[in-house]
Amino acid sequence: MEKMHIKMTVNGKNVDLLTEPRTLLIHALREELGITGPHVGCSSSHCGACTIDMNGMSVKSCSVFAAQADGAEITTIEGLGTPDALHVLQEMFKEHHGLQCGYCTPGMITRAYRLLQENPTPTEEEVRFGIAGNLCRCTGYQNIVKAILEAATKMNEMKESA
(Lines give C-alpha, C1' and ligand atoms only; values in the text may rest on other atoms or scores of the structure.)
Protein backbone atom coordinates (compact mmCIF):
# COMPACT_ATOMS: atom_id res chain seq x y z
CA MET A 1 0.00 0.00 0.00
CA GLU A 2 1.22 3.46 -0.84
CA LYS A 3 2.28 5.64 2.08
CA MET A 4 0.84 9.05 2.82
CA HIS A 5 2.60 12.16 4.09
CA ILE A 6 0.89 13.48 7.25
CA LYS A 7 1.68 16.70 9.09
CA MET A 8 0.40 17.37 12.58
CA THR A 9 1.36 19.09 15.78
CA VAL A 10 1.94 16.69 18.66
CA ASN A 11 2.55 18.08 22.13
CA GLY A 12 3.46 21.45 20.65
CA LYS A 13 5.93 20.09 18.09
CA ASN A 14 5.37 19.95 14.35
CA VAL A 15 5.83 16.42 13.06
CA ASP A 16 5.91 14.93 9.59
CA LEU A 17 4.97 11.32 9.20
CA LEU A 18 5.09 8.99 6.24
CA THR A 19 2.69 6.13 6.92
CA GLU A 20 0.00 3.98 5.39
CA PRO A 21 -3.39 5.74 5.42
CA ARG A 22 -4.94 2.75 7.22
CA THR A 23 -2.50 3.00 10.15
CA LEU A 24 -4.40 3.73 13.34
CA LEU A 25 -3.37 6.93 15.08
CA ILE A 26 -2.48 5.06 18.29
CA HIS A 27 0.04 2.96 16.35
CA ALA A 28 1.45 5.98 14.51
CA LEU A 29 1.95 7.78 17.83
CA ARG A 30 3.50 4.84 19.65
CA GLU A 31 5.42 3.00 16.96
CA GLU A 32 6.37 5.70 14.48
CA LEU A 33 6.71 8.77 16.73
CA GLY A 34 7.77 7.05 19.97
CA ILE A 35 4.99 8.67 22.01
CA THR A 36 4.09 5.83 24.34
CA GLY A 37 1.88 7.57 26.92
CA PRO A 38 -1.38 6.59 25.23
CA HIS A 39 -1.83 2.84 25.66
CA VAL A 40 -3.36 0.22 23.42
CA GLY A 41 -6.08 -1.34 25.52
CA CYS A 42 -9.13 -2.93 23.96
CA SER A 43 -8.51 -1.73 20.37
CA SER A 44 -12.25 -1.14 20.03
CA SER A 45 -12.67 2.31 21.67
CA HIS A 46 -14.36 0.95 24.80
CA CYS A 47 -11.64 1.31 27.44
CA GLY A 48 -10.19 4.79 26.83
CA ALA A 49 -6.55 3.84 27.53
CA CYS A 50 -5.64 5.42 24.18
CA THR A 51 -7.42 8.74 24.83
CA ILE A 52 -5.69 11.83 23.46
CA ASP A 53 -6.76 15.42 22.93
CA MET A 54 -7.18 16.17 19.22
CA ASN A 55 -8.28 19.58 18.00
CA GLY A 56 -9.83 20.37 21.37
CA MET A 57 -11.74 17.13 21.77
CA SER A 58 -11.10 13.88 23.62
CA VAL A 59 -10.49 11.19 21.03
CA LYS A 60 -9.85 7.49 21.38
CA SER A 61 -6.86 7.17 19.09
CA CYS A 62 -7.52 3.48 18.39
CA SER A 63 -10.60 4.55 16.42
CA VAL A 64 -8.92 7.20 14.25
CA PHE A 65 -6.76 6.63 11.21
CA ALA A 66 -3.48 8.54 11.13
CA ALA A 67 -4.67 10.04 7.82
CA GLN A 68 -7.58 11.66 9.69
CA ALA A 69 -5.08 13.46 11.92
CA ASP A 70 -3.45 15.31 9.01
CA GLY A 71 -3.24 18.95 10.12
CA ALA A 72 -4.42 18.13 13.65
CA GLU A 73 -3.29 19.57 16.95
CA ILE A 74 -2.73 16.63 19.31
CA THR A 75 -1.91 16.55 23.00
CA THR A 76 -1.03 13.35 24.84
CA ILE A 77 -0.14 12.85 28.50
CA GLU A 78 3.45 13.75 27.57
CA GLY A 79 2.26 17.21 26.52
CA LEU A 80 0.55 18.04 29.80
CA GLY A 81 3.56 18.16 32.09
CA THR A 82 7.16 17.12 32.54
CA PRO A 83 8.82 14.91 35.15
CA ASP A 84 10.13 18.08 36.81
CA ALA A 85 6.91 20.09 36.48
CA LEU A 86 3.83 17.90 36.58
CA HIS A 87 0.49 19.23 35.40
CA VAL A 88 -1.95 19.90 38.24
CA LEU A 89 -3.98 16.84 37.21
CA GLN A 90 -0.88 14.65 37.36
CA GLU A 91 -0.03 16.04 40.80
CA MET A 92 -3.55 15.43 42.10
CA PHE A 93 -3.64 11.87 40.75
CA LYS A 94 -0.38 11.29 42.61
CA GLU A 95 -1.54 13.02 45.80
CA HIS A 96 -4.97 11.36 45.93
CA HIS A 97 -3.76 7.91 44.82
CA GLY A 98 -5.84 8.11 41.65
CA LEU A 99 -3.88 5.29 40.05
CA GLN A 100 -2.82 1.79 40.87
CA CYS A 101 -1.44 -0.20 37.95
CA GLY A 102 -1.29 2.99 35.85
CA TYR A 103 -2.44 1.48 32.57
CA CYS A 104 -5.53 3.69 32.25
CA THR A 105 -3.90 6.74 33.82
CA PRO A 106 -2.57 8.55 30.72
CA GLY A 107 -5.93 8.31 28.95
CA MET A 108 -7.82 9.13 32.15
CA ILE A 109 -5.76 12.26 32.83
CA THR A 110 -5.94 13.38 29.20
CA ARG A 111 -9.73 12.98 29.28
CA ALA A 112 -9.90 14.82 32.63
CA TYR A 113 -7.86 17.65 31.11
CA ARG A 114 -10.43 18.14 28.33
CA LEU A 115 -13.32 17.73 30.79
CA LEU A 116 -11.93 20.60 32.89
CA GLN A 117 -11.47 22.73 29.78
CA GLU A 118 -15.13 22.16 28.94
CA ASN A 119 -16.37 22.53 32.54
CA PRO A 120 -13.91 24.19 34.95
CA THR A 121 -16.17 23.66 37.97
CA PRO A 122 -17.71 20.21 37.63
CA THR A 123 -19.74 18.47 40.29
CA GLU A 124 -18.85 14.93 41.34
CA GLU A 125 -21.68 13.63 39.16
CA GLU A 126 -20.40 15.61 36.15
CA VAL A 127 -16.88 14.22 36.66
CA ARG A 128 -18.19 10.67 36.85
CA PHE A 129 -20.25 11.18 33.70
CA GLY A 130 -17.35 12.96 31.97
CA ILE A 131 -14.90 10.10 32.48
CA ALA A 132 -17.43 7.33 31.85
CA GLY A 133 -15.72 6.38 28.57
CA ASN A 134 -12.45 5.65 30.36
CA LEU A 135 -12.36 2.39 32.26
CA CYS A 136 -10.19 1.55 35.26
CA ARG A 137 -10.03 -2.02 36.54
CA CYS A 138 -8.07 -1.20 39.71
CA THR A 139 -9.14 1.90 41.59
CA GLY A 140 -12.90 1.90 41.99
CA TYR A 141 -12.83 5.49 40.64
CA GLN A 142 -13.32 7.25 44.01
CA ASN A 143 -9.76 8.57 44.18
CA ILE A 144 -9.77 9.43 40.48
CA VAL A 145 -12.85 11.59 41.02
CA LYS A 146 -11.30 13.21 44.11
CA ALA A 147 -8.14 13.97 42.12
CA ILE A 148 -10.08 15.59 39.27
CA LEU A 149 -12.23 17.68 41.61
CA GLU A 150 -9.16 18.86 43.55
CA ALA A 151 -7.36 19.66 40.29
CA ALA A 152 -10.37 21.72 39.17
CA THR A 153 -10.21 23.73 42.42
CA LYS A 154 -6.47 24.31 42.11
CA MET A 155 -6.68 25.23 38.42
CA ASN A 156 -9.43 27.76 39.16
CA GLU A 157 -7.39 29.22 42.01
CA MET A 158 -4.43 29.59 39.65
CA LYS A 159 -6.63 31.42 37.10
CA GLU A 160 -7.97 33.78 39.77
CA SER A 161 -4.50 34.66 41.08
CA ALA A 162 -3.10 35.28 37.58
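The values are calculated or read from the model by the stated rules, or taken from the named source; none is laboratory data. Everything quoted here is computed from the prediction, not taken from an experiment. Here the Cβ is made from the backbone with ideal geometry for all residues, glycine too, and neighbour counts use every protein chain on show.
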Selection count, region 32-55, where residues are touching a residue at least 12 places away in the same chain (Cβ under 8 Å) and over 11 Å from the mean Cα position of the chain (by Cα): 12
Would region 72-88 turn up any residue that is of a type outside the set (A, V, I, L, M), in contact with a Phe, Trp or Tyr (Cβ under 7 Å, 6 or more places away or on another chain) and not assigned by TED's automatic domain parsing to the domain that holds LEU149? no
Would you mind telling me which numbered condition in (1) hydrophobic (A, V, I, L, M, F, W, C); (2) crowded, with 24+ Cβ neighbours inside 10 Å; (3) over 21 Å from THR36 (Cβ atoms) ILE109 fails? (3)
Is it the case that VAL88 is surrounded by 19 or more Cβ atoms within 10 Å (Cβ to Cβ) and in contact with a Lys or Arg (Cβ under 8 Å, 6 or more places away or on another chain)? yes
Using beta carbons and a limit of 7 Å, which pairs, at least six apart or on different chains, have the first residue in region 138-162 and under 16 Å from LYS94 (Cα atoms) and touching a residue at least 12 places away in the same chain (Cβ under 8 Å) and the second one part of a loop (DSSP other than H, G, I, E, B) and hydroxyl-bearing (Ser, Thr, Tyr)? ALA152/THR121
Sort out which residues of region 1-43 are within 19 Å of THR82 (Cα to Cα), part of a loop (DSSP other than H, G, I, E, B) and of a type outside the set (A, V, I, L, M, F, W, C), and write them in order of number. ASN11, GLY12, GLY34, THR36, GLY37, PRO38, HIS39
Condition (residue is in contact with a His (Cβ under 9 Å, 6 or more places away or on another chain) and either closer than 23 Å to GLN117 by Cα or of a type outside the set (Phe, Trp, Tyr) (or both)) applied to region 1-10: is it met by at least one residue? no
Of the residues in region 118-162, those that are basic (Lys, Arg), under 21 Å from LEU86 (Cβ atoms) and exposed (fewer than 12 other Cβ atoms within 10 Å of the Cβ) number 1
Per the filter on region 117-133, residues under 18 Å from HIS96 (Cα atoms) and in contact with a Gly (Cβ under 9 Å, 6 or more places away or on another chain) are PRO122, ILE131
Does SER63 count as surrounded by fewer than 15 Cβ atoms within 10 Å (Cβ to Cβ) and of a type in the set (Gly, Ala, Ser)? no
Could you go through region 122-134 and let me know if any residue there is under 16 Å from LYS94 (Cα atoms) and of a type in the set (D, E, K, R). no
